[in-house]
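Values quoted throughout were computed directly from the atomic coordinates according to the rules given, and no laboratory measurement underlies them. Everything numeric here is computed off the predicted structure, so don't read it as measured data. Here the Cβ positions follow ideal geometry from the backbone for every residue, glycine too, while neighbour counts run over all protein chains shown.
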Amino acid sequence: MDYKAILNLMKEMNQTDLTKLEIEEEGIRICMEKGSTVPVTTVQPSIPQMMSAPTPIAAPAAVQPMSAPEPEAEAKTEEISGKKMLSPMVGTFYAQSAPDKPAFVKVGDKVKKGQTLCIIEAMKLMNEIESEYDGEVVDILVENEDMVEFGQPLFIIR
């Protein structure tokens, strides 16, 4: 089955009420499903499996449970009192608007509600993150160009 035939199958499926289609032809198996949140198209060669005697499996070695190390940012936030500014998204943290520009804020700066504190790049979009509070920046919990997670503390403002 060639590429054009697969494309034609996809077009035909989109124009009908079919929600799932499975075809096996010339040693190739194609499964398509629509209506799911993620389009599913898989192509697998149909190869007969050889039956063999089961291979003995060695018993696994004793596993010691590992304690998860506490992230530095969380430990730091507990030491310093104040209001935490959390990341509203996943992305890359930038302390300044350009490499040759000064940082938006530094420790000790007074900030007003709505003032830009940093930029978080997400999917090639630069998102200015504004302060939710009036106060003084007492700590910056991430470094320039660090990856940040949703809900991760970025600043402490008192």
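Tabulated data for the structure shown
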read-out: Spacing of the two label points (7 Å from each Cα toward its C-beta) at Lys112 and Lys34, in nm; value: 5.4 nm
read-out: Order of Val90, Val105 under a 10 Å beta carbon neighbour criterion, fewest first; value: Val90, Val105
read-out: Estimated inter-spin distance, Asp146 and Ala98, nm [label 7 Å along Cα→Cβ]; value: 2.6 nm
